[in-house]
Amino acid sequence: MQTFSHRQVTNPAKHFARRQTPEWDGGGQLAPAPGPTSPGCTVRQRAERLHARSRRKASGCAAMKCVVIGGNVKVLGKAVHALSRIGDELYVEPTENGLSLRAVNSSRSAYACFLFAPLFFQLYEAGGPDAHGELFRCKVLMKTFLAIFRSLPSLEKTVSKCLISLNPRASRLVVQLHYKYGVTKTHNLSFQECELLQAIFDKQLCTSTLCASARVLVDAVVHFPVTLAEVTLGVGPSGKVSLRNYVDEETEPSKTMVTELCLSEDEFQDVRVPQETQVTFCLKEFRGLLSFAESSNLPLSIHFDTPGRPAVFSLEDPLLEVHLVLATLADSNASSQAQTANGACHKCAADEDFAVDDLESYMIAMETTTGEEGAEPPLSPTFPVRCPSPATALEAERSTLASDKDEDEDGAVPGTPPQKKFRSLFFGSVLTQSQARAHPTPSQEVLAEDSEGEC
Amino acid sequence: MRFRAKILDVACLNHFTRVINTIAKLAKTCTLRLTPGKLYFILTDKVANGGVSMWCELSQGNFFDEFQMEGVAAEHNEIYLELMPENLSRALKTAQNAKTVKIKLTNKHCPCLTVAVELPSLASSSRIVTHDIPVAVIPRRLWNDFKEPSVPDFDVSIYLPVLKTMKSVVERMKNLSNSIVIEANLNGEMNLKIETDLVSVTTHFKDLGNPPWVLDGDSQNSTQDRDPETMAEARVDIKKLQQLLAGQQVNPTKALCNIVSKRIVHFILLHEDVYLQYFIPALA
């Protein structure tokens, strides 16, 4: 399955606003609802399109209605909190298999999906399909939806029932919370119709699997600073699992603290890793899922493959299925750098028993260098490098790395967000094979075409 | 040059962590001096620091169950390292229920102080967390920069009021002004004053007591001749004072300050076995 061929675009926000490629919008008929107004399209034209669509929908489409009671309200709330760590929009899709809540981040390198089975609800009506045979789906602003479920303790204590309903003829998604003492809060959220958000992934194809209770993983990540962006998960020989903070190539390694945690195989419920491997993924997005997992008491499975291929984190229960798909760093430099940086990369530091603590040779080298430079203070790794030769070496290295990255892209545009090296997940075609052949995958890196010609 | 040390006792670990947290609040980067008997955290008065300097001394025996070091040379059996205490603080933060904590000097991609924490776990083998904190080794020819500061020729020496009270006063004053005047006399009275265009606030402390310094030479005469009512004062940056007070997590055994009028304020804080000196220069 050759799904992850796209590299990260220079300015994801710019591309996200444009019209999607045929592989994306599952039909090519409807122009998907853009976030900001697409350039070249007047407000009137856009309003007409939406109006036409809602007329189509109005014909013969039954309303969606779900009712959640008791402790499940808090579970729903926690799910929304976890999804809010991923993206700014919540995709709501009622299906026959249950209600699915999804989110994706702006750079398309993280995707999460919570599927609540019909039995999770006291009442579940997915609503009927529209004239085109499609079930209704929409997206709402995450901020708004999260605000409803903001305070989890109060949800637990005072909310007895939560009703979510959608009448396509109306233009609002209704979330109604029933509190104690007869108080009801009704939230009418505006939504946008949207394309299907579905990341293509298959857990079965991942070569490595780890399964652990959420508690073990929560205790593991607590040692890393809350602001840490990326973490490297590695499995070494004899089943030792390690977590290490990932140090960007651009950061000077001699200025950054490196933290590594080693867990033994028996802390995990299942370790199926055929060979030593390491993957680096975003910790912030993972933490969101972890806190959900901890409260749900379900074991967490991690499925991963070679660096660059996405890692899938899942929780499963008869009533709930959760998947978090994170892109992993494809940079092979990362693993080799880590090896030289931290001599004991595969073995945990414990095994090493202080073998490398003689600084004699380093001191001698340093004293000789400073002797040559005369009165100049010595090169201190915590001071910026002043001596010309090491600096140029460092710059040369950086420019080689930069050129490797840039070769596929247009080159950094000033003012755009820094390029991330995570490949974006492939949100693949939901067309049938024949249709897919008619719209071949573009060879360029962008996921969405220009919308100029469209409106 | 080698260094390795181990902490086994939980109380010692907590105490050591508290000391490191205090240091981390006072200095972004500082020098760690290791000798066979003591550890020192030193900050010299560079312009970059705003002229403050710090000297903190701990006896290693009070914290470590094992402590071995070998300095740069036999006759100079000491190690001077430059590090960011915040890193050490972070490493120790999640180690509070550890079985053992080992600290050693290593040479990975650069010289590092490696903190290896052994945590209890449900599995048969313990969980190990290692933190590699990058450090810079300070060569012997620069060691003279890090000498112990001498007690200045002060005008008034006075015990500080309860630090918690002093801290809350200074914190509120910080919102109103950038500088604060500390003044005290030999009658055990201390005032903290701020003055702006709109408002001036003074907090008075009484009956604080003055430490009996045993001085030699001329200085003794000058202090004895001094009128006990006369205030010695210095205007200092309020943030520096606030940092010092905020870093004190436990009330010290002894806390006093020496004021050199219009020049410098010298604080001495003694927490059981940790001796901290902090100098804040007066503003022009």
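The values are calculated or read from the model by the stated rules, or taken from the named source; none is laboratory data. None of the values given here were measured: they were computed from a predicted structure. Note: ideal-geometry Cβ built from the backbone for every residue, glycine included; neighbour counts use all protein chains shown.
Residues that are surrounded by fewer than 20 Cβ atoms within 10 Å (Cβ to Cβ) and more than 14 Å from chain A (Cβ to nearest Cβ) within the range B:1-14 comprise B:LEU8, B:ASP9, B:VAL10, B:ALA11, B:CYS12, B:ASN14, listed in sequence order.
From the set of residues in the range A:199-232 that are acidic (Asp, Glu) and within 17 Å of the chain's Cα centre (by Cα), which is farthest from the other protein chains (Cβ to nearest Cβ)? Please lay out each step first, then the result.
Filtering the range A:199-232 down to residues acidic (Asp, Glu) leaves A:202, A:219, A:230.
Retained after the next criterion (residues that are within 17 Å of the chain's Cα centre (by Cα)): A:202, A:230.
Numbers: A:ASP202: 31, A:GLU230: 17 Å.
Residue satisfying both the conditions and the ranking: A:ASP202.
For A:GLU265, the conditions (1) out of contact with any strand residue (DSSP E or B) (no Cβ under 7 Å at 6 or more places or on another chain); (2) surrounded by fewer than 19 Cβ atoms within 10 Å (Cβ to Cβ); (3) modelled with pLDDT under 90 are fulfilled apart from (1).
If only residues of the range A:167-226 that are in a helix (DSSP H, G or I) and of a type in the set (Gly, Ala, Ser) are counted, the one that is surrounded by the most Cβ atoms within 10 Å (Cβ to Cβ) is A:ALA220.
When residues of the range A:239-283 are filtered for being part of a helix (DSSP H, G or I), within 12 Å of chain B (Cβ to nearest Cβ) and touching a helix residue (DSSP H, G or I) at 6+ places or on another chain (Cβ under 9 Å), how many remain? Outline the logic, then answer.
Here is the first cut: in the range A:239-283, the residues part of a helix (DSSP H, G or I) are A:239, A:253-255, A:265-267, A:283.
Next, from what is left, pick out any that are within 12 Å of chain B (Cβ to nearest Cβ): A:239, A:253-255, A:265-267.
Right, trim to touching a helix residue (DSSP H, G or I) at 6+ places or on another chain (Cβ under 9 Å) and you get A:239, A:253, A:265-267.
Number of matching residues: 5.
For the range A:136-154, filtered to residues that are out of contact with any strand residue (DSSP E or B) (no Cβ under 7 Å at 6 or more places or on another chain) and touching a residue at least 40 places away in the same chain (Cβ under 8 Å), the residue that is surrounded by the fewest Cβ atoms within 10 Å (Cβ to Cβ) is A:LYS143.
Sort out which residues of the range A:155-166 are surrounded by fewer than 16 Cβ atoms within 10 Å (Cβ to Cβ) and within 28 Å of the chain's Cα centre (by Cα), and write them in order of number. Listed by number, the list holds a single entry, A:GLU156. Based on what the data block shows, is B:GLU171 of a type in the set (Asp, Glu), part of a helix (DSSP H, G or I) and not assigned by the TED database to the domain that holds B:THR44? Taking the combined requirement at face value, the residue satisfies it. Which condition number in (1) within 7 Å of chain A (Cβ to nearest Cβ); (2) of a type in the set (Asp, Glu); (3) farther than 25 Å from B:LEU270 by Cα is the one that B:GLU82 fails? It is condition (3) that B:GLU82 fails.
Only one of B:THR130, B:THR202 is of a type in the set (Ser, Thr, Tyr), within 14 Å of chain A (Cβ to nearest Cβ) and outside any loop (DSSP other than H, G, I, E, B). Can you tell me which? Lay out the reasoning, then the answer.
On the way: B:THR202 fails: within 14 Å of chain A (Cβ to nearest Cβ).
Just a single option satisfies the conditions, and that option is B:THR130.
Being under 18 Å from A:VAL241 (Cβ atoms) and surrounded by 19 or more Cβ atoms within 10 Å (Cβ to Cβ) holds for only one residue in B:VAL117, B:VAL137, and it is B:VAL117. For B:GLY61, all conditions in the list (1) touching a strand residue (DSSP E or B) at 6+ places or on another chain (Cβ under 8 Å); (2) touching a residue at least 40 places away in the same chain (Cβ under 8 Å); (3) closer than 28 Å to B:PRO120 by Cα; (4) not acidic (Asp, Glu) hold save one; what is the number of the exception? Single failed check for B:GLY61: (2). Can you say whether B:ILE180 is over 20 Å from the mean Cα position of the chain (by Cα), buried (at least 22 other Cβ atoms within 10 Å of the Cβ) and within 14 Å of another protein chain (Cβ to nearest Cβ), as far as the supplied structure shows? Taking the combined requirement at face value, the residue does not satisfy it.
Selection of the range B:93-113 for residues being within 9 Å of another protein chain (Cβ to nearest Cβ), in contact with a helix residue (DSSP H, G or I) (Cβ under 8 Å, 6 or more places away or on another chain), outside any loop (DSSP other than H, G, I, E, B) and more than 19 Å from B:VAL72 (Cα to Cα) yields only B:LYS93.
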